[in-house]
Amino acid sequence: MKIHVVLFLMFFVSICETYSQNTGLYMSLDLQNAYNNGTRSYSGKPGENYWINKSKYKIKANINPETRKLSGSQTVTYYNNSRDNLSKIVFKIYQDFYKKGSARDFQISPQATTDGVEISKILINEKEADLKKIQRNGTNLSVFLDEPLKPDSNITFLFEWSFIIPIISPVRMGAYDSTSFFIALWYPQISVYDDIDGWSTFNYTGQQEFYNDQNSFDVEITVPKEYVVWATGLLANPEEVFTEDYYDLYKEAIESDEIINIITKKDRRKKNITPKESNTWKFKAQYTPDFAFGISDVYFWDLTSVVVDESSNRRVIAGAAYSEKSEDFFEVAEITRDAVKLMSEELPGIPYPYPSAIIFNGGGSGMEFPMIINNPEKSNRASTVGVTVHELIHQYFPFYMGTNETKYAWMDEGWARMLQFDIQKKIEPSSNRRIETVLDFSNSSGREYEVPPMILSSSLKGNSYRPAAYTRPAMAYQELRNYLGDEKFKAALIEYINRWHGKHPGPFDFFFTFNQAAGEDLSWFWNPWFFEFGYPDLGIKEVIKEKEDIYVVVEKIGNIPVPISIKLHYLNGDEKIISENIGVWKKNSEIKINIGSENQIERIQLGGIEIPDVNSNNNYYVIQK
């Protein structure tokens, strides 16, 4: 009998502990299962049963610039570290986005549609695949196995494929002139199998981004003479693809703090950069979620490097490849170097996790890939700095962290927008991304289309996506920083990164880690900012005179908490700011603040340019004389 009582008490204590640590936050059943199964924990740490799968890619690609045809072959070995028997393996065939009849989140030119990706061969462990057991649906390709892939085992696939690189309606990648291409989303990529959803089978329809394991890549790219290749990872054979003078410049740049102009207009006219009529560029990348590259026989190239970890003297290569027509890219290598240094030392405060950071002058609105970024020309320096810094922060979120962008875009876009505030301002003082974000959020918050970030990004369309993915989470992170203070916020962020890099953190892993690092349950903050419909709106409810003092009663009208800032305007022209931390709203919906004597005060102003507020009409009070 005593044994049964003890077992019951242990079970009861365990259940109470579980739910007490999860106080006040709604968690869906599939997420609860992961915590109950021990792959995740309410402390915010990976659970004792956590696992992550991985792949090793060996890829050979050949590009014919005249036809814009990319032909590739790859061998990929997939390692099942889960505790499940896998009856199928799911691949992403992203370029089927352009296939006639494919679902898309926006229109593309009818002339841009193609037959998608042509796959000419699939081998499974060196045996011809049974075509009856291969299913293509949207951008997913599922291979059903004759025998399940058991835990702690692996399987090898060989693919041969080709597709036409888009030049009309290029989305995130494509041809930007007749000989300058940015190549991404280009190889049959094994999807993620995780502890929450199993296989990730979201179709790529243009808006949502990506979700990948940490893999290794050994890639060979063959291009004609005078074409240079910039890519994820490190160039493994520079002595083979450059003539002597350019090889020497390359070696100098990767050890220099100075900007080296490796390829200039004069060099392009000489046409003696590469040695052969056809050159194969070899790149290697470890512990990275994806591989992308750019090529051109007309682009210029600036390169430098920067020490990101003084203890090890580790250097990161930083550079820019750009068109002669560009009016701002001549500064991008320097901007990249400075941003990498600031990210490493300040926020996030983790040394830049990869060996290189290259910005390619392509198109679109700016698109990150591991170690290489596809950025457009911008109209002014502040915008150039902004897009460069934003996309570089993505090297941490989602790449280093392994975040699922298809479900939780706010876990990478929100960080990329918020963490660029200080860095962008330091590199270009005229910019103020923080204030721009406050205005964006104030203008969108509480509107019918604005939804909480915890609604899956894959469910969002139209105007709902950007506020949920960018502005609201960016403001939430900033207000969390204001509440915790810089030191505690940075320590919590570093703890979160150290716990989850290379894995697949979800929202609650972030919430629980910050709870633990902050030393308190932050549900009062998480709920309104991430789970609830609503908006920020503080107002002056009333002004009360008690003896010689004036008290301002500030009311939290909206459900989203923000700090209090009261500006007092005095009769003699002086001004004074009285501030209250966002923590005053933990348990209160209004607060009474002593502001001093009425004999001196002319008017009272609530709020400020760095505090979001959907209604400023209730923010002013004039003292009646």
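Read the figures in this text as sums done on the coordinates, not as results from a lab. This is a predicted model, so every value here is computed, not measured. Virtual Cβ from ideal backbone geometry, glycine too; neighbours counted across all protein chains shown.
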Quick one: 3J(HN,Hα) in Hz for the range 124-136, Karplus 6.51/-1.76/1.60 with θ = phi - 60°, rounded, Gly and Pro as x. 10, 6, 6, 10, 4, 6, 7, 4, 5, 9, 10, 10, 10
If you filter the range 225-314 for trypsin sites (Lys or Arg not before Pro), then keep DSSP loop positions with at most 16 other Cβ within 10 Å, what is left? 225, 271, 276
What size of dipole, in debye to the nearest 20, comes out for the range 312-432 about its Cα centre when the only charges are +1 on Lys and Arg C-beta atoms and -1 on Asp and Glu C-beta atoms? 220 debye
Contour minus end-to-end for residue 130 and residue 487, with contour as 0.36 nm per residue of separation and end-to-end as the Cα-Cα distance? 122.8 nm
Read phi for every residue in the range 370-384 and hand back ³J(HN,Hα) as whole Hz from Karplus 6.51 cos²θ - 1.76 cosθ + 1.60, θ = phi - 60°, with x for Gly and Pro. x, 6, 9, 10, 9, 10, x, 6, 10, 7, 8, 5, 4, 5, 4
Cα-based Rg then Dmax for the range 479-625, in Å, read 18.4, 64
Can you list the lysines whose alpha carbon sits under 19 Å from that of residue 133, skipping same-chain ones fewer than 8 residues off? 88, 92, 121, 150
Test item: Cα-centred dipole of the chain, Lys/Arg +1 and Asp/Glu -1 on Cβ, debye: 1080 debye
Once the Cα atoms of helix 433-444 and of the chain are each reduced to a long axis, what angle between those two axes, in degrees from 0 to 90 to the nearest 10, is obtained? 70 degrees
Tally Lys and Arg at +1 and Asp and Glu at -1 over the other residues with C-beta under 15 Å from the C-beta of residue 291: what net charge comes out? +3
Spatially near lysine pairs across the range 225-400, Cα under 23 Å, sequence gap of 8 or more or different chains: 28
For the chain, take the longest principal axis of its alpha carbons; what is the angle in degrees between that and the long axis of helix 472-484, to the nearest 10 within 0 to 90? 60 degrees
Structure-derived Cα extents along the principal axes in Å: which label, when the choices are (1) 119, 59, 58; (2) 90, 80, 53; (3) 99, 60, 47: (2)
Expressed in µm² per second, the diffusion coefficient of the range 406-467 from the Stokes-Einstein equation, with Rh the Kirkwood radius over alpha carbon pairs, at 37 °C and 0.692 mPa s, is 257 µm²/s
Under 20 Å from the Cα of residue 556, which lysines turn up, not counting those fewer than eight places away in the same chain? 541, 567, 586, 587, 592
How far, in degrees from 0 to 90, does helix 2-21 lean away from the longest principal axis of the Cα atoms of the chain, to the nearest 10? 90 degrees
dims of the range 225-400, Cα set, principal axes, largest to smallest, nearest Å -> 44, 38, 29
For the range 526-605 and the range 71-132, what is the separation of their Cα centres, given in Å? 57 Å
Using the crude model of +1 on Lys and Arg Cβ and -1 on Asp and Glu Cβ, and no other charge, please compute the dipole size for the range 179-310 relative to its Cα centre, in debye to 20. 900 debye
What full-extension length gain, to one decimal in nm, is calculated for residue 520 and residue 27 as 0.36 nm per residue of separation minus the Cα-Cα distance? 175.6 nm
Add -39500 (n - 2.57) for each DSSP H run of 4 or more in the chain, then divide by its residues: what number comes out at 222 nm, to the nearest 500 deg cm²/dmol? -7000 deg cm²/dmol
Where does each of 417, 83, 481 land when they are ranked from fewest to most other beta-carbon atoms within 10 angstrom? 83, 481, 417
Among all the aspartates and glutamates, which ones have a C-alpha under 16 Å from residue 132's C-alpha, if same-chain residues fewer than 8 places away are not counted? 146, 147
